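Notes for the one structure printed next.
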Amino acid sequence: MKFNSTKVNINKEQYVSNIALIIIIFVIFGILILLVPQFLNYGFFSELLKRSSELIILAVGVTIVFISGGFDLTFGSIMALSGIVCGTLYNTGLTFPISFLIGILSGLLASFINALLIIKLRFEPIIISLAMMQVVRSVIYGITGGKTVVGFPESFINMSEISVFGIPLIFLIAIFVAIICSLFLTKTVVGRYIYAMGGNERAASITGIRTDRIKYFVYLLNGFLASFGGLIFASRANSVPPNTGLNVPLEVITAVIIGGTLISGGVGSILGSFLGIFIMVLLLNSFNILGINPFWNLIFVGVIMILVIGRERLNTIFSKIIPRKKFLKLIRK
Amino acid sequence: MRRSFNKNTFLNKFFINIADKAIFILLILIILIFSITIEGFFSINNFNNISRQIAVIGIISVGITLAIISGGIDLSVGSIMALSVSLGGVGITEGLPLYSVYLIILVTGIILGSINGFLITRLNIKEIIVTLGTLNIYRGAAIIITKGIWVTGIPSAYLFIGEGYMPILLFSVVSIILIIITKYTIFGINLYAIGGNEQSSIFSGVPTIKYKMYVYMLCGFFSALAGIVFIGRSGFVQPQVGVGYEFSAITAVVIGGTSIAGGNGSITRTILGSILMGILLVGLTMLGINPIWEDAITGILLLLAIFIDSLRFRLKERGLKNYEIQLYES
């Protein structure tokens, strides 16, 4: 009975927070339209959707890692790695599909090493992924010599220009990925295992879930999505500078946390992260439009991240305090 | 039944000893390898050069050691350095006297550190998340304050602190003070207690919140101090100073043998760790390796240090198990 009630509560909380996020998006949108009338332009709007598409794909992977109770910072570097490997291989004369595949494989390899270290060393994933992030970034500079990779084939670049029913194709791809992963998380056994593992890893492993395998799977999925997102970025931006995705980890993690996913694991939804990314993209681009120094972005995202996480902690503290008060009341009676 | 000699525990002890002394072995090995392969490596001139290289990272990493011993971490050290140095740069262009510029830099460092401490202790957010946020906030603030412009043409009075034996002298003074603090003061000893088990140290009456505030303020202070040495050494101020320094500092701490889980480790280990890092980086530059790979090498070194750390932890765990078996069987 009690178990049921808590489950309902969590679902209800997520539902409420998602509705709140949608309201926030509309409010921001309204304010921006009032301040900058050209915001309603179709071209501008589709540009916004295109920009958010790769971030959505990254956020899906990160959400799954967070739900499983892990942490990852490497995806920003992996995103750059896949695009750069793909571009350089194509420039050396390989056919495009093969270089595309090797680009994704390179991202998978990096995330596999990351996962191997995190699982085998049983160490704080944040430190290991910080080190891996640095190593991968350094490899990127080593490959390119600090130069921007250009020269992707025409058909690949044109892919980002196609739109179906007025919606950019890459945005549709991102939504497709998000829906598939959301269904995977909520409807399949492995997806539920991921939630269980994030809630209490030890309990999950005692009940017979092979936690290590699921961890490998989660980190590899994150690496795959990151490299896929990197290639979509390459298609959209037409070039891959070596500092691609330097600030992406902060932005994506903040968006995922805004979406209601707990860093401690076990709670979260992909829909929430999707809405969170949308809020981030709207806000960050409004900085550009309003003509504010883009370096305010760093401060802004950092402050939001700390505030949102502070809220999460405060919530958990309150939820611990309130039952205790009820308990005390019962005793006094 | 009693076992007189357990081969397994003997091997365990042997390996634990090796893992504990890994830093010494690595240090001697690296000096040996470089002395053989590079001509002119083993010379007083070169060691002077290395000592100047070590000072900046060394001062930061002894500061960060305090945070790591207390079970936390500070990722924002590089950004604290950048922001305080940028404010100092503004002071220099305004023509303020030397000591007030130094005062501005150090006070900024302490204030930024106390912001970290406030968020960690009062809002009860994980150290690593807070400092990941402030890492970006402080960096952004530094870029906005300087408008991305380099301040060059710094008066020669400022360069005094970065020349000759001054950096290494400052580093030694700082580390001796910190060694005394961590070994002989109540504050220092309680840091180990907080790192070992925060809950139980609260119950036994350690003012954890106050001490944690002190730790992050000290971290900020030492980052700012490293910034002063940096101005003296380089002769310019720019907002991108200290990118990735948190990373090198953590590597120096962990490779020295301080466990990142908190509760053990020492300042001396960190000093050895930063010496190792300095020698390695200078040696690799002398070998003609592209500085692009510097980050990768520090990253791999950090992973290696973590590997040694976890190996030691596991061996100790296994040793304890064997000990329990022995007790049970006797």
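Just one of the listed residues (B:Ile194, B:Ile250) is of a type in the set (A, V, I, L, M, F, W, C), in contact with a Phe, Trp or Tyr (Cβ under 7 Å, 6 or more places away or on another chain) and touching a residue at least 40 places away in the same chain (Cβ under 8 Å), namely B:Ile194. With respect to the numbered conditions (1) at pLDDT 80 or above; (2) more than 14 Å from chain B (Cβ to nearest Cβ); (3) surrounded by 15 or more Cβ atoms within 10 Å (Cβ to Cβ), which one is the sole condition not fulfilled by A:Asn238? Here A:Asn238 clears every test but (3). Of all the criteria given as (1) under 30 Å from B:Ile129 (Cβ atoms); (2) surrounded by fewer than 24 Cβ atoms within 10 Å (Cβ to Cβ); (3) without any contact (Cβ under 8 Å) to a residue 24 or more places away in the chain, the one not satisfied by A:Ala131 is (2). For region A:170-189, filtered to residues that are surrounded by 14 or more Cβ atoms within 10 Å (Cβ to Cβ) and free of Cβ contacts under 8 Å to residues at least 12 places away in the same chain, the residue that is nearest to A:Ile157 (Cα to Cα) is A:Leu172.
Considering region B:1-55, the residues that are touching a helix residue (DSSP H, G or I) at 6+ places or on another chain (Cβ under 8 Å) and among the small types (Gly, Ala, Ser) include one that is modelled with the lowest pLDDT, namely B:Ala19.
As a summary of the residue check, A:Ala80 satisfies the conditions (1) buried (at least 24 other Cβ atoms within 10 Å of the Cβ); (2) modelled with pLDDT under 90 except for the one numbered (2). Residues of region B:118-152 that are in a helix (DSSP H, G or I), more than 7 Å from chain A (Cβ to nearest Cβ) and of a type in the set (Val, Ile, Thr): B:Ile120, B:Thr121, B:Thr131, B:Ile145, B:Thr146.
It is to be established whether one or more residues within region B:218-225 are within 14 Å of chain A (Cβ to nearest Cβ) and surrounded by 23 or more Cβ atoms within 10 Å (Cβ to Cβ). Checked region B:218-225: no residue is within 14 Å of chain A (Cβ to nearest Cβ) and surrounded by 23 or more Cβ atoms within 10 Å (Cβ to Cβ).
The residues of region A:268-298 that are touching a residue at least 12 places away in the same chain (Cβ under 8 Å), assigned to a loop (DSSP other than H, G, I, E, B) and either within 14 Å of chain B (Cβ to nearest Cβ) or of a type in the set (Ser, Thr, Tyr) (or both) amount to a single one, A:Ser269. With respect to the numbered conditions (1) modelled with pLDDT of 85 or more; (2) closer than 19 Å to A:Leu58 by Cα; (3) not charged (D, E, K, R), which one is the sole condition not fulfilled by A:Tyr193? So A:Tyr193 meets the others, but not (2).
Inside region A:52-76, residues that are of a type in the set (D, E, K, R) and touching a Gly at 6+ places or on another chain (Cβ under 7 Å) make up a count of 1. Taking residues in region A:141-167 that are within 14 Å of chain B (Cβ to nearest Cβ) and outside any loop (DSSP other than H, G, I, E, B), and partners anywhere that are surrounded by 13 or more Cβ atoms within 10 Å (Cβ to Cβ) and of a type outside the set (A, V, I, L, M, F, W, C), the pairs with Cβ atoms closer than 8 Å and at least 6 places apart or on different chains are A:Tyr141/A:Pro242; A:Tyr141/B:Asp295; A:Ile143/A:Thr88; A:Thr144/A:Thr88; A:Thr144/A:Pro242. Here is the figure for region B:158-180: residues that are within 19 Å of B:Thr268 (Cα to Cα) and either in contact (Cβ under 8 Å) with a residue 24 or more places away in the chain or crowded, with 18+ Cβ neighbours inside 10 Å (or both) total 8.
The values are calculated or read from the model by the stated rules, or taken from the named source; none is laboratory data. Quantities reported herein were computed from a predicted structural model and do not represent experimental measurements. Glycine also receives a Cβ, built like all others from the backbone with ideal geometry; neighbour counts cover every protein chain displayed.
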